[in-house]
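Each reported figure results from applying straightforward, stated rules to the coordinates on display, with no laboratory input. Just so it is clear, the model here is predicted, and its values are computed rather than measured. All Cβ positions, even for glycine, are placed from backbone atoms using ideal geometry, and neighbour counts span all protein chains on display.
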Amino acid sequence: MSARPSWVGQRRPRKVAVVGAGIVGLATAWHLLERGVGVTVLERSGVAAGASFGNAGWLTPGLAVPLADPAVLGYGVGAILDPASPISVPPQADLGLALFLARFAARCRMPQWRRTMAALVPLNTMALEAYDQLEAGGLEVRTVPGPMVAAFTTEKAVASLFHELDLIRAAGQDVDAERVDGERVREMAPVVSPDVGFGVVIKGQRRIDPGPFMESLADAVRARGGEVRVGAEVARLRHGAGGIFVDVVGGEPVRADQVVLATGAWLPRLAGPHGVRQPLRAGRGYSFSVPGPDSELAVPVYFPHERLVCTPLGGGRIRIGGTMEFRPTDAPLVQARIDGLVSTGRPLLPSLDLSAAAREDEWVGSRPVTLDGLPLVGPARTPGVWVHGGHGMWGMCQGPATARLLVEQMMTGTVPEALRPLDPLR
Ligand SMILES: Cc1cc2nc3c(=O)[nH]c(=O)nc-3n(C[C@H](O)[C@H](O)[C@H](O)COP(=O)(O)OP(=O)(O)OC[C@H]3O[C@@H](n4cnc5c(N)ncnc54)[C@H](O)[C@@H]3O)c2cc1C
């Protein structure tokens, strides 16, 4: 911990409004309540209405690496304009998005990757312990410990994952990984195609079914005396007599000593007027679930080359997800992208019924992707306003850890070392 106070003249908050009921907002609320602070969570739609619902639920610090890596450039222009490709950009990207992607591409270099990874290591190291803390406080739905498996049809791709794991270790993070053959992959996940000849088992990870988990976290917030107000869309924040007034569309303003903005991919709308200039865009991902006996997928499986993930949800359902689509956050679901996941998934998971009749919960959600691959966590320029978001691909995994750190800063005025690189005003 650094001894330098992050705020001057601000008192410890007694009442905080948290905007957004995703993993980041609810974990922040939970920690504030733990410290005796009164909390109102303001959520425009519902608990986990954004990215925190249909995601893959992987709590896998062993794989939580920067998105901007040199391999992304290998996809090329043809692939990113193809709606079936794992990475896609609309042909008529607006100027802001075009600039964002150009700057993002410029960062897909190893020195940049190493710098970003160094800042992610402390978050990854804390990630599972932060879940332990939430669970110890009493949560109905628990995390499921176990390994995850990366599955490959070519040996060359195995080598590139091992190279990445070496880079993670060189950055200071321990990862316990073992190379296995295709037979071993199918022992753990019989749904995987016989074409898969190679695998890498990453040990000591966890998973959740995000929807039920998020409901149980919201229940824990309420049980501790917090209020979770759904249908409360925040329009703006203003300072007034006695604190900050949070203007809610069609409702009474909510007064609080301090406010935490945790609105995921919508963060720039509310945080921009408070001095947060770091570019953040929606990296949209898709998922659906199909029936599959629990014994057929006992562990989560990732196909790195195809960028497809499969998660056992329990209760005989399997979630399939993937894609990184740079489109506006509120744009409708693009059916061609679900079709793309289906056609990618069929040869890899031949025994699963991926037909339209079998599919449920077709979903699109927006990962909050920052240009430099790091979350935005800390004070905004306006006193009493805090920012918490931008975790990109890894908000489920890292959100509770950054929540704990942010609340530490809010209560003590001391900036935890792990938050220094995440300053939202950087
Ligand atoms: C397909 C897919 C798979 C993924 N898999 C994983 C994974 O396996 N592991 C992992 O760690 N991460 C994963 N992620 C990323 C993860 O889902 C996100 O990083 C994380 O959910 C972001 O959480 P958040 O709380 O910041 O945002 P969100 O969950 O999007 O929450 C923001 C909330 O703010 C609300 N809101 C917005 N504006 C307002 C307003 N003005 N007033 C009031 N409320 C507002 C929204 O309604 C929303 O509920 C995945 C994402 C996708 C799309």
Any hit, the stretch 105-122, residues being without any contact (Cβ under 8 Å) to a residue 40 or more places away in the chain, within 26 Å of residue 326 (Cβ to Cβ) and among the hydrophobic types (A, V, I, L, M, F, W, C): yes
Filter pass, residue 253 being within 14 Å of the ligand (Cβ to nearest atom), under 25 Å from residue 404 (Cβ atoms) and surrounded by fewer than 22 Cβ atoms within 10 Å (Cβ to Cβ): no
Single match in 282, 331, 265, 241 (criterion: out of contact with any Gly (no Cβ under 9 Å at 6 or more places or on another chain) and closer than 23 Å to residue 67 by Cα): 331
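Looking at 375, 368, 332 in this structure, which one is on the phi < 0 side of the Ramachandran plot and more than 10 Å from the ligand (Cβ to nearest atom)? Even if it seems obvious, please write down each step before you answer.
On the way: 375 fails: more than 10 Å from the ligand (Cβ to nearest atom); 368 fails: more than 10 Å from the ligand (Cβ to nearest atom).
None of the other options fit; the residue is 332.
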The stretch 203-250, residues that are more than 22 Å from residue 55 (Cα to Cα), in contact with a Pro (Cβ under 6 Å, 6 or more places away or on another chain) and more than 11 Å from the ligand (Cβ to nearest atom): 245
Candidate set: the stretch 22-56, residues that are touching a His at 6+ places or on another chain (Cβ under 9 Å) and not hydrophobic (A, V, I, L, M, F, W, C); chosen: the one farthest from residue 309 (Cα to Cα): 28
Selection count where residues are surrounded by 15 or more Cβ atoms within 10 Å (Cβ to Cβ) and in contact with a Lys or Arg (Cβ under 8 Å, 6 or more places away or on another chain), scope the stretch 162-188: 4
Residues of the stretch 274-305 satisfying the condition of being of a type in the set (Lys, Arg) and over 20 Å from the mean Cα position of the chain (by Cα): 277
Scope the stretch 386-426; condition within 27 Å of residue 284 (Cα to Cα) and β-branched (Val, Ile, Thr); matching residues: 387, 402
Members of the stretch 261-282 that are within 11 Å of the ligand (Cβ to nearest atom) and in contact (Cβ under 8 Å) with a residue 60 or more places away in the chain: 261, 262, 263, 264, 265, 266, 267, 270, 271, 280, 282
Members of the stretch 388-426 found to be β-branched (Val, Ile, Thr), within 10 Å of the ligand (Cβ to nearest atom) and not in a helix (DSSP H, G or I), listed by number: none
